[in-house]
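> This is the structure I want to talk about, given as structure tokens.
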Amino acid sequence: MKDIIFSNWNIIRFLRLGIGLVILVQAVMAADIIFGLIGLLFTGMAVFNTSCCGVGACAAPPAKNNTGSKEISYEEIK
């Protein structure tokens, strides 16, 4: 759990955290419970690095290391 919280911070994760904190502050100022729950959702998504479908479901898969790949040659067509 500690590894999930403290590693792999990227710009989208910081953006989610910022949006969540702004929504939470506005919810407290307006005394709005529903808005507060939405703020908790965004903040929790950033802290625990989850997305809309769960951990890594919306992310692109990591690039594979193709060390044994064949070199591609191109031929010009006239």
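> Give just the number: which of (1) surrounded by 10 or more Cβ atoms within 10 Å (Cβ to Cβ); (2) at pLDDT 80 or above; (3) not hydroxyl-bearing (Ser, Thr, Tyr) does Glu76 not satisfy?
(1)
> If Trp9 passes every condition in (1) surrounded by 10 or more Cβ atoms within 10 Å (Cβ to Cβ); (2) assigned to a helix (DSSP H, G or I); (3) at pLDDT 75 or above; (4) of a type outside the set (D, E, K, R) but one, which one does it miss?
Only one criterion is unmet by Trp9, namely (2).
> Only one of Phe42, Phe14, Phe35 is over 19 Å from the mean Cα position of the chain (by Cα), assigned to a helix (DSSP H, G or I), of a type outside the set (Lys, Arg) and at pLDDT 75 or above. Can you tell me which?
Phe35 is the lone residue from the list that is over 19 Å from the mean Cα position of the chain (by Cα), assigned to a helix (DSSP H, G or I), of a type outside the set (Lys, Arg) and at pLDDT 75 or above.
> What pairs can you find where one residue is in the range 1-18 and in contact (Cβ under 8 Å) with a residue 24 or more places away in the chain and closer than 17 Å to Gly39 by Cβ, the other is of a type in the set (Val, Ile, Thr) and part of a helix (DSSP H, G or I), and their Cβ atoms are less than 8 Å apart, with a gap of 6+ or different chains?
Pairs found: Arg16/Thr43; Leu17/Thr43; Leu17/Val47.
The values are calculated or read from the model by the stated rules, or taken from the named source; none is laboratory data. Being a predicted model, the structure only gives us computed values, none of them experimental. FYI the Cβ positions are ideal-geometry reconstructions off the backbone, even for glycines, and counts take in every protein chain you see.
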